[in-house]
1. Looking at the structure I just gave you, is V112 of a type outside the set (F, W, Y), modelled with pLDDT of 85 or more and part of a strand (DSSP E or B)?
2. Which strands (runs of 3 or more DSSP E) does the stretch 32-96 wholly contain that include 3 or more residues that are modelled with pLDDT of 90 or more?
3. Just wondering, is there one or more residues in the stretch 97-108 that are modelled with pLDDT of 85 or more and in contact with a Pro (Cβ under 9 Å, 6 or more places away or on another chain)?
Amino acid sequence: MNLSRLIRNASAAAVAAGLLTTGVVALAAPASAVGSSGCSSRYVNNNGSLLDSVATLTRSGAVNLRTGPGTGYTSKGNLYQASFWATCSAKNYSWVYGKVTSGAHKGQWGWVARQNTGLTS
């Protein structure tokens, strides 16, 4: 029996054992990048500020640039005193998607919690 077949059989046995003992097998994938597909609004806040708003990150410490709109998504890096070009929002305007326009991650796209930006609510 080759190695790949042995691994496949072992995986099937583990799933079957999980179903027999609990009736449920949890198969969870890690949070992956969503990019602009996660946008739910063309606006960056509930006052109707349109996309293409330039914001200066206002938090004194590091601000995470994330792969999706939420803390469950992977951090792409920390932003310090950077500018961020917000293009849309998600999760009731609490996360904004855009491009870093200054700082160490200049040119990267990602998600930032709106509370860490100069964008008003």
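1. yes
2. The strands (runs of 3 or more DSSP E) meeting that bar are 63-66, 75-79.
3. Yes, the conditions are met somewhere in the stretch 97-108.
The values are calculated or read from the model by the stated rules, or taken from the named source; none is laboratory data. Everything numeric here is computed off the predicted structure, so don't read it as measured data. Neighbour counts are summed over all protein chains in view; Cβ atoms, including those assigned to glycine, are modelled from backbone coordinates with ideal geometry.
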